Each structure stands twice: as C-alpha cells, then as structure tokens.
Amino acid sequence: MAKTGSSKSSNIGNSGRELVDLIDDEIDSRLHKAVVHELNIGIVLWPEFPLLSLAGLIDALRHAADRADNSRKLRCSWTIMGPTRGSAVVASSGVEIRADAPFLDPRQFHYIAVIGGLLRSTGRARPEARAFVKQAAAAGVALLGICTGTFVLASAGLLDGRRVCLHPYHMQEFKRMFPQVHSITNVDYVDDGDRLSCAGGISVISLAAHLVAQRCGQDRATKVVHQMTVPNRTDTSQMAVSQAIGYTRVADPRVRRAVFLIEQGLLRAMSPEWIAKQVGISGRQLARLFQAEFGQSPAAYLRQARLRYAKWLLQNSQETVTEVALRTGFCDCSHFVRQFHQEFGLAPGQFRARAPAPA
C-alpha cells in the first residue's frame, strides 16, 4: 500500500461528533477575525414554493457557516428577500415565510437563488421579484434555479443555450415550453458557470455542498454532508462518495481542487492530465504536488479513492462484486479483484463475508 505522505495530510473516515470537531478545529484561528462571508446567497421565493428546498439550502449554509451545531453567519450568509421587509410568500404546504429584507443590491451576493413553486403559480409572483432576478443577471451575479426556479429563469430568457437539470416530473413540460434550453434529468444539479440548476427535494443538499466546497473549502462541504445525510446511503451522489472515502485535509489549494475533482468524478473515467488541466497546472507539477502531499502519484491516489469507495459499497449495499467493480470505474471484475486484494489483503467477497453489518 502506498504511504499517506507527511503529517500535514490525513484521511478521516470516522463518524459522529469527533469528525465535526476535527473539521471545526481548523477554523478556530479565523473566528476572532472580522467576519468575511465566503459564501453569501440571496434567496427569492416564488408563490407555492417547496419548504424542503428552502430548508435544505439554508440548513446546509448554517452547518458550513459555524462551529459544531451553532448557527452564526461566520463563513456563510443567507437572506430571504421580498418587495419589503416582512412581506410574505406562502409555501405549497400553506406555511408563510416572511422576507428578511427588501430586494437589495444583487452585487453584494455571490448567488441569487430562485426557488420556484407549483407551475400554476409561476406567473403569480410580484413584478418586483421578476425585475430583481433580471437585475441580478444584468449585474453578472450567478443565478441558481431550484425546483421550478428553472422555469422562472427560462421564462425570463436567462437560460437560452444553457444546460439545466429538472425533476423528471417537470421535464416534458419544460422541453415543450423552452426547446432552446438543453435540459437533462436524473442528476442532483448542473453547474453551467453563472447559471446553476437543481431538481429540488433533497438534491438541494448536493448543490449546497458543491457551492460550499467551491467557496469555503472541502472541509466545510464535508461537514454539510456529515450533518445532513443518513449513514449507509448507497447512491452515487457526491454526498455518498464523500461519506464513503472520508475527508482529506490538504493545505495547498491546487491539491484541494484536484482532490475535489477526483471525488466528484470517481464514477466516470478521468486522467491525471485532465485533472491537471482543470486545476490550471501541468501534469508534471500535479505529480510533484501529490508526491509531496500524499507520497503517491495522482493516478495512485485516484485508484485508492476508487477502492475505498468500493470497500464501502461492499459493506453497505447489496450490489454484486461485478456491479461494484463497474460502478467504481474498473474495466473488468478480475482487475478489480486483483487491485482490491493488493490494497486490503482480502478478495472483495472475503471482505464482504467478514465485514460487520451496517448499523
């Protein structure tokens, strides 16, 4: 097994309060300084919006923003806006949510999130809300279309030629109304630069973790995932992968970005050369950084990450060894078995037989 490198890096796989405390300890030195919101999101609610989308977004930001289970807006901030402070929007469940503030200068936010409502209510929003969304786009602020928020952005002409994701329930109607927008489904979110979209529901947690990782670092995103998801989840989302392979603390921002790309792309083919290009450095420089940080090459790190995820799947899912091999990017089962045995000293089937059942 390749060595893990110097003491400045470690891979943490433990769960519970210990992991959160470990992650939070890394921001102690920042807390006494002036508050700088690394991620600031303005939220606009459409009539009959889903409460889960709002709650998922805000709770993710809340966990990323502060230590432990506190809720101070230290690293992240969020503001629900409306025509006036205190103006109300009624959710699809009938719960009334009041605005924290009137519509502010959109340039003070990193993102404006539009949480859409039932399609029958798309045209019932206050004209001030529609004007504000267009103002934000004109100012160059990135826009998030959550749930049917994509319909809102598309109807304003702000998604032409863009890629978006939708819930399967809304796909046919969206394609009919906006053929000029490239729409897909069965993914948690799509990041198309300054236009992002999310299908809604619990997928908003994946989107929020993605934004937190980009603006605040992978440590904050790991805390979001840990605090907001149920253990032993066996899907293929970024949340499940992060839970499975643990949290890697890395000082160099280029290596942090590379590790994040690896975690995002474990389930598809990628090469060290592609990773280096995305990070903006040469393949040789990436190899030197990984050798200094982890004591191994990017290819070896990627292989180990795939094997750690495969090990987690063997213990926490009912998938066959062949299915696990294909899911984790190995070209065939025999190659996967050899690599797994080399890494962990057991064949996958032997490991599964000896592993304790998930709690």
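Ranked highest first by average number of other Cβ atoms within 10 Å, how do 315-323, 214-222, 39-47, 143-151 line up?
143-151, 39-47, 214-222, 315-323
Length gain on complete extension for the stretch SER271 to VAL187, per 0.36 nm per residue less the alpha carbon to alpha carbon distance?
28.0 nm
Could you please rank GLU128, GLU48, placing first whichever residue has the fewest other Cβ atoms within 10 Å of its Cβ?
With the sparsest Cβ surroundings first, the list reads GLU128, GLU48.
So how much slack lies between ARG288 and ASN70, counting 0.36 nm per residue of separation and subtracting their Cα-Cα distance, in nm?
74.6 nm
Please give the length that would be gained between ASP105 and GLN180 if that part of the chain were fully extended, namely 0.36 nm times their separation in residues minus their C-alpha to C-alpha distance (nm, one decimal).
Additional length available on full extension: 24.0 nm.
Shape call for segment 35-207 from the C-alpha gyration tensor, a ≥ b ≥ c root eigenvalues: rounded (a/c under 1.5), prolate (a/b greater than b/c) or oblate?
Rounded, because the longest to shortest axis ratio a/c is under 1.5.
Which pairs, out of LYS73/LYS223; LYS175/LYS223; LYS73/LYS175, put more than 27 Å between their alpha-carbon atoms?
Checking Cα-Cα distances, LYS175/LYS223; LYS73/LYS175 exceed 27 Å.
Every number in this text was worked out from the coordinates using simple rules, so none of it is lab data. Since the structure is predicted, the reported quantities are computational estimates derived from the model, not experimental observations. Here the Cβ is made from the backbone with ideal geometry for all residues, glycine too, and neighbour counts use every protein chain on show.
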